[in-house]
Amino acid sequence: AAKEETEDKAIEEIYNLYWYDRDMVKLYLQVGNYRAIEKATKIPYSSAYKTVQKSIKKIKQKVLR
């Protein structure tokens, strides 16, 4: 039950992110890798990586308080 609660909180936090960060995280969850994001958006995979990692860190900080 605690794991599901944590996952629910994490999903909620995705919607509190800045729109660009939120869309990048959602895209990453859909396609599963940064090269696919680059192919779909023309955004360099390194930029996608940095954005997603930064966003995941923010989500973890809020959820795991």
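Considering only the range 36-65, how many residues are within 10 Å of the chain's Cα centre (by Cα), open to solvent by 70 Å² or more (accessible area, probe 1.4 Å) and within 18 Å of Asn16 (Cα to Cα)?
4
Please count how many residues of the range 1-22 are over 10 Å from the mean Cα position of the chain (by Cα), without any contact (Cβ under 8 Å) to a residue 24 or more places away in the chain and in a helix (DSSP H, G or I).
Qualifying residue count for the region: 8.
Could you identify the single residue in Ile37, Ile43 that is β-branched (Val, Ile, Thr), in a loop (DSSP other than H, G, I, E, B) and in contact with a helix residue (DSSP H, G or I) (Cβ under 7 Å, 6 or more places away or on another chain)?
Ile43
The values are calculated or read from the model by the stated rules, or taken from the named source; none is laboratory data. Everything quoted here is computed from the prediction, not taken from an experiment. A quick note on method: Cβ atoms are made from the backbone with ideal geometry, for glycine too, and the neighbour counts reach across all protein chains shown. We work out accessible area using only protein heavy atoms, side chains counted, and drop any ligands, DNA or RNA first. Shrake-Rupley method; radii C 1.70, N 1.55, O 1.52, S 1.80 Å.
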